[in-house]
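Here is the structure we will look at.
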Amino acid sequence: MRYFWLIFFLTTTGFGQNQYPKDYFRSPLDIPLQLAGNFGELRPNHIHSGFDFKTQQKEGFNVYAAADGYVSRIKISQVGYGKAIYITHPNGYTSVYGHLQSGFGEVEKLIKKEQYKAKSYEIDVAFNPTDLMIKKGDVIGISGNTGGSDGPHLHFEIRDTQSEKIINPMYFGFDAVITDEKRPLVTSLLVYPLDENSVVNQSKRPISVNLALQDDGSYIAESVLASGKIGFGITAVDYDNVSWNANGIYRVQTFLNGKYDFSYQFDTFAFDETRYVNALIDYTRYKKQGQRVQKLFMKNTYPLSIIKPGIDNGMITVASNFFQTYRIEVADFNENITKIFIPIQYSNLPAKVQEEPITSKYLVKAQKDNIFALENVTVSMPANTFLDDFYMNFEVKNGMAKIHDDLVPAFTNFSVTFEDSLTPQKDREKMFIGLVDGKKINFYNTKRTKNSFTIYTKYLGDYKLVRDGMPPKIKIDKKIGGKWISNQNELQFTISDDLSGIKSYDGYLNGQWILLEYESKTKKLIHRFADGIVAEGKNDLKVVVTDNVGNSTIFETQFFRSQKP
C-alpha cells in the first residue's frame with residue numbers, strides 16, 4: 001500500500017499537461033452510453049462541467065469506478081449534484097459521479113457513518129488516501145435523480161486533481177464510444193451594432209441574417225451592409241450518432257478575409273469562470289425570447305479562459321471602401337465542421353430602426369461603485385458587478401422595489417437594503433427580503449441590524465420585505481399511530497413551507513437522532529429502518545421541521561415494530 005501511494009504522489013506531481021490517457025478510464029455505466037448533456041453545454045448561469053449520461057429514464061443502475069483510486073470526497077446536498085462521490089486516481093485526475101440514488105457497499109456505509117456523525121442529511125466530507133480505496137470497476141453507487149436533476153441520469157466528470165479544473169471527458173477516450181459523424185447545426189445568425197455610430201442593414205439594434213444552405217453543407221449568408229463597429233452571434237447545436245438529442249458545440253472560430261479573428265473551445269475551465277456564460281451569450285435576448293445566442297465578440301473583456309479573442313476581440317470596424325468575407329467555423333470534438341460565409345460591405349444608408357429609447361435616469365457605471373436610494377430602499381453595486389454600463393429602471397411602490405428586470409447579468413453580488421422602523425421588534429425576527437417571481441417569493445438570507453434588512457444578490461428584479469409567521473407543514477404519508485408496522489421498511493413524510501422555505505429537519509426515535517433523507521423536488525422526507533435505530537416493540541417518533549425564519553412544526557406519534565424474521 002505504501003508503494004502504491006508513493007507512486008500516486010509522484011505521478012500526480014509529474015504528470016505532463018494535456019497528456020490525457022485514452023485507455024485509463026472505463027465507462028461508469030454498463031449500459032450503452034448516450035448523452036443527455038455534454039461538456040461545455042451552455043446552461044442557465046453556468047457552463048456544463050461534464051457528461052450527463054442517460055439511464056433509460058429510470059433509476060437503479062450500478063455506477064462503477066472509472067479507475068483505481070480512493071474516495072476523496074462525499075458531498076450530499078438537496079441541490080447541485082445531489083448525492084455525489086469523488087474518486088481521486090493515481091494519474092493526477094479525479095472522477096465525479098453525481099445525482100446518485102445512493103452509494104453502494106462500503107461507500108454507502110461510509111456515507112451513513114458521516115451523516116450520523118454530523119446529524120445531518122447534507123454533508124461535505126474529505127477523506128484520506130487510505131480511508132477507502134477503490135478498484136477500477138468496483139460498484140460505488142446506484143444511479144438516481146437527486147439534487148438539481150430534471151430526470152434520472154448520471155452526471156460524470158473528470159477534473160485535474162491539483163488545479164480542480166474540469167476537463168472534457170472526450171479527451172480520455174470517450175469519443176470512441178460516443179461516435180459522431182454529424183456536423184453541428186447552425187440555426188440562426190445575428191449581427192450586432194456595437195457603438196452609437198454603428199448601423200447594420202439600416203438598424204441600430206441586433207438583427208437576424210438569412211442563411212442559405214449549400215450542397216456541401218456550408219451556409220452563405222445574405223450581405224451585411226454596415227458602418228461602424230459590428231459583431232456576430234450564432235445559435236448552434238450538435239448531434240452525435242447515438243444520443244439523438246441536441247447538445248452543445250465544441251469549438252467556434254471566426255476569420256476575416258481568411259485571417260484569424262476570434263474563437264473559443266471547450267477543453268477545460270475552472271468552476272469560478274462558469275457564470276461568465278452570461279457574458280458569452282446575449283443574456284437579454286435569452287431572457288426575453290429564450291434564444292441562447294453565442295456572441296463571437298467581446299465588447300468588454302471578461303475572464304473566461306476558453307476564449308482566444310484575437311486582436312480586436314472579435315469586433316469588426318466597417319469603414320468606407322470596406323468589402324470583406326467573414327467566415328465562421330463551428331466544430332464538434334470529432335472535427336465535423338460547419339462553415340458560414342458572410343459578405344460584409346460598407347454602407348452609409350441611414351438607420352430605419354433606432355435604438356431602444358432610454359426611459360430611466362439611473363445610469364449604472366460598470367467600472368465604478370454605484371449607490372442608489374429611493375424611499376426606504378438602498379441598492380449598492382460595487383465596481384465590476386456588471387460588464388457594461390446601462391440605464392436601470394428603479395422605483396419603489398407599495399412596498400415593492402423594482403430594481404430593473406433580470407435582463408442584465410451581474411457577475412458579483414450587490415446589496416439591497418430595506419429600512420423599516422414601524423414593524424414591532426418581535427415581528428422583525430420573522431422578516432426577510434424576498435425576490436418576487438410572479439406569485440412565488442424566493443427567500444434570501446437576510447441580515448438584520450436594528451431597523452435595516454440587507455441581502456446580497458446577483459439578480460436584478462422585484463424585491464420586497466416579507467413577514468413569515470406560518471410554520472411548515474408535516475404530513476406522514478401512511479398513518480402509523482398505535483399500529484404494528486413490522487412489514488414496513490421506511491417512514492415517509494411530505495413537508496412544505498408556504499413562504500420562506502424549509503431550512504432544517506430532524507427526526508428522533510426514542511430520543512435518538514435518525515437520518516431523514518430529503519428530496520426537495522418531491523418534498524419527501526424518508527427514514528429507512530435499515531439504519532438500525534428502530535427498537536423492538538414500542539417506538540416513540542418525533543420529527544421537527546423548521547423554516548428559514550425559525551418557525552417550527554413538531555410531529556409526534558408512537559408505533560410498534562418487530563425486527564424478528
From 188, 227, residue being assigned to a strand (DSSP E or B), surrounded by fewer than 19 Cβ atoms within 10 Å (Cβ to Cβ) and in contact (Cβ under 8 Å) with a residue 12 or more places away in the chain: 188
In segment 88-111, residue surrounded by the fewest Cβ atoms within 10 Å (Cβ to Cβ) [restricted to those that are within 27 Å of the chain's Cα centre (by Cα) and assigned to a helix (DSSP H, G or I)]: 108
Residues satisfying the stated conditions in segment 438-447, i.e. assigned to a strand (DSSP E or B) and at pLDDT 95 or above: 441, 442, 443, 447
All positions within segment 380-402 that are part of a strand (DSSP E or B) and within 24 Å of the chain's Cα centre (by Cα): 381
Residues of segment 532-565 that turn out to be in a strand (DSSP E or B), of a type in the set (Asp, Glu) and surrounded by fewer than 17 Cβ atoms within 10 Å (Cβ to Cβ), as a count: 2
Subset of segment 497-531 [surrounded by fewer than 18 Cβ atoms within 10 Å (Cβ to Cβ), within 28 Å of the chain's Cα centre (by Cα) and either in the same structural domain as residue 447 (by TED's automatic domain parsing) or in a loop (DSSP other than H, G, I, E, B) (or both)]: 498, 520, 521, 522, 523
Qualifying residue in segment 465-472 (condition: under 23 Å from residue 117 (Cα atoms), in contact (Cβ under 8 Å) with a residue 24 or more places away in the chain, in a strand (DSSP E or B) and among the aliphatic types (A, V, I, L, M)): no
Which listed residue, of 224, 242, 237, 200, is under 13 Å from residue 342 (Cα atoms) and in contact with a Pro (Cβ under 8 Å, 6 or more places away or on another chain): 224
Selection within segment 112-139 - among the polar types (S, T, N, Q) and either more than 26 Å from the chain's Cα centre (by Cα) or within 17 Å of residue 98 (Cβ to Cβ) (or both): 128, 130
Candidate set from segment 320-359 (those that are touching a Pro at 6+ places or on another chain (Cβ under 6 Å) and in a strand (DSSP E or B)); member that is nearest to residue 191 (Cα to Cα): 325
Residue within segment 297-311 that is among the basic types (Lys, Arg), closer than 23 Å to residue 40 by Cα and crowded, with 18+ Cβ neighbours inside 10 Å present: no
Tally of residues being surrounded by fewer than 14 Cβ atoms within 10 Å (Cβ to Cβ) and within 35 Å of the chain's Cα centre (by Cα) across segment 191-207: 3
Subset of segment 340-381 (residues that are in contact with a Leu (Cβ under 9 Å, 6 or more places away or on another chain) and at positive phi): none
Count of segment 249-289 residues which are closer than 20 Å to residue 206 by Cβ and either free of Cβ contacts under 8 Å to residues at least 40 places away in the same chain or not in a helix (DSSP H, G or I) (or both): 10
Residues that are among the aliphatic types (A, V, I, L, M) and closer than 26 Å to residue 81 by Cβ, drawn from segment 265-293: 270, 277, 279, 280, 281
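The values are calculated or read from the model by the stated rules, or taken from the named source; none is laboratory data. Just so it is clear, the structure is predicted and the values come from calculations on it, not from any experiment. Reconstructed Cβ throughout: ideal geometry from the backbone, glycine too, with neighbour counts over all protein chains shown.
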